[in-house]
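First the structure, in the form of structure tokens, and then the observations on it.
The values are calculated or read from the model by the stated rules, or taken from the named source; none is laboratory data. In this text the structure is predicted, and so the values were computed from the model without any measurement. Counting neighbours? That spans all protein chains shown, and the Cβs are built from the backbone with ideal geometry, glycine included. Note: areas computed on protein heavy atoms with side chains; ligands, DNA, RNA excluded. Shrake-Rupley method; radii C 1.70, N 1.55, O 1.52, S 1.80 Å.
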Amino acid sequence: MTAQPIDPFFRRLFITVAIVIGLILLYAMTPVIVPFICAFVLAYLFNPLVRTLSKYIRRWLAIIVVYSAITLSMALLLWWLVPTLWHQLQAAWDYLPKILTWYNEVARAWVASNIRIRLPELEIKGFSETLVDYMQTHYRFSDASTWMSQILASSMSFVNSAGLIVLVPILTFYFLFNWDKRLLSWQMAIPHAYSKQVISIARECDRALMEFVKGQLLVMVLLGAIYAVQLQLIGLELGLIIGMGAGIASFVPYLGFGLGFIASIIAGLFQFGMDWVQLSLIVGAFLVGQAAEGYILQPLLLGDKIGLSPLWVIFAVLAGASLMGFVGMLIALPVSAVLNVLFRHLYAYYQSTDFYQGRKQLSLFDK
């Protein structure tokens with residue numbers, strides 16, 4: 001007996017259903033997949049350092065050394081940073097009466113005289129009563145059982161998050177430990193006819209990504225230091241936390257500058273009032289930081305690693321934000337760097353085709 005061929009319609013239907021079911025399962029398992037993705041990214045970033053150390057010691061020991069160095073560095077940073085940030089957060093909390101006083105005495109009078117709108121007067125006691133009313137209305141704290149169940153649910157959510165935080169370093173260790181073997185198995189799975197070209201493109205993507213990551217980290221650190229030092233010299237009490245936050249947020253183009261500038265102006269208004277000299281110094285500090293980022297830090301540390309013009313950078317960030325929100329903004333530039341490498345190779349292949357060189361026309365254009 002000869003096997004009956006499968007009808008093409010049912011074959012396509014089966015493939016479509018299988019793809020849909022697979023996507024649904026992936027979406028349902030997102031909480032499980034996310035720690036593995038985070039661990040893979042961390043392993044990819046730490047692998048060059050582990051590979052260098054593994055030339056002198058065993059790989060598992062090199063991983064432990066890297067883990068220990070990162071933990072010690074974070075502990076020293078927190079030991080220096082936490083007291084300062086705590087002091088500045090307390091200072092920020094102490095600004096609340098100043099904020100209300102400025103609103104009641106300056107903002108309300110200006111709005112009433114220029115826009116003819118009477119704004120309500122605010123008091124700290126009113127804020128406290130409003131907060132209590134909101135909590136009782138939305139969370140029913142008068143109901144003891146509901147209160148306890150919400151506390152329990154919040155505790156379980158915290159435990160799950162803490163479990164994921166513990167799980168990611170463990171997964172990262174296993175990714176790092178078997179990185180070379182796993183990479184070799186992926187290379188062996190590539191068809192031999194395309195193996196050389198695919199590996200070459202992958203290495204080029206890897207080189208672009210690593211150079212971008214290292215350059216961007218240096219830009220973030222140096223830019224945060226530039227902002228923080230200038231704001232501290234101006235005398236802004238929240239200068240350290242705002243400057244460091246602006247440096248970290250600069251991973252997303254223009255986000256660090258925008259958030260830091262707005263936060264500094266607001267803090268300056270409440271600390272110095274309408275002192276135009278101090279406010280002008282704050283504006284000048286961010287202009288200096290932006291100039292240093294655009295004309296010194298990025299050209300020296302990043303250069304043309306991404307190979308995208310400023311217009312494409314803005315488009316990539318906006319497109320990432322539109323598709324995936326804040327996460328999309330974070331990964332927009334690394335993904336754009338990889339896509340730029342792939343497009344460059346695709347364009348080179350297109351230029352080598354008979355259609356581009358005019359030796360052959362597609363059937364669509366035949367007369």
Inset, instruction - Starting from region 277-295, take each residue that is more than 14 Å from residue 253 (Cα to Cα) and open to solvent by less than 20 Å² (accessible area, probe 1.4 Å) and list its partners that are modelled with pLDDT under 85 and in a helix (DSSP H, G or I), counting only C-beta distances under 8 angstrom and pairs at least six apart or across chains. - result: 279/268; 279/269; 279/272; 282/268
Inset, instruction - Can you confirm whether region 88-95 contains a residue that is at pLDDT below 85 and either in contact with a Gly (Cβ under 7 Å, 6 or more places away or on another chain) or of a type in the set (Phe, Trp, Tyr) (or both)? - result: yes
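Conditions (1) more than 19 Å from residue 270 (Cα to Cα); (2) aliphatic (A, V, I, L, M); (3) at pLDDT below 75, marked per residue:
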residue	(1), (2), (3)
65	yes, yes, no
82	yes, yes, no
113	yes, no, yes
120	yes, no, yes
123	no, no, yes
142	yes, no, yes
Inset, instruction - For residues that are surrounded by fewer than 18 Cβ atoms within 10 Å (Cβ to Cβ) and modelled with pLDDT of 85 or more, scanning just region 246-261, find the one that is nearest to the chain's Cα centre (by Cα). - result: 248
Inset, instruction - Using the structure shown, decide if residue 211 is charged (D, E, K, R) and crowded, with 16+ Cβ neighbours inside 10 Å. - result: yes
Inset, instruction - Take region 309-363 and flag every residue that is surrounded by 10 or more Cβ atoms within 10 Å (Cβ to Cβ), over 25 Å from residue 203 (Cα atoms) and among the small types (Gly, Ala, Ser). - result: 319, 321, 322, 325
Inset, instruction - Take residue 265 and decide whether it is modelled with pLDDT under 80 and either surrounded by fewer than 17 Cβ atoms within 10 Å (Cβ to Cβ) or assigned to a helix (DSSP H, G or I) (or both). - result: no
Inset, instruction - Would you please list the contacts, defined by Cβ atoms under 8 Å and residues six or more apart or on different chains, that run from a residue in region 324-346 that is more than 10 Å from residue 208 (Cβ to Cβ) to a residue that is surrounded by fewer than 17 Cβ atoms within 10 Å (Cβ to Cβ) and of a type in the set (Lys, Arg)? - result: none
Inset, instruction - Report, by residue number, each residue of region 229-258 that is free of Cβ contacts under 8 Å to residues at least 60 places away in the same chain and not in a helix (DSSP H, G or I). - result: 235, 236, 250
Legend entry - Exclusive hit being open to solvent by 100 Å² or more (accessible area, probe 1.4 Å), among the aliphatic types (A, V, I, L, M) and part of a helix (DSSP H, G or I), set 37, 33, 24, 15: 24
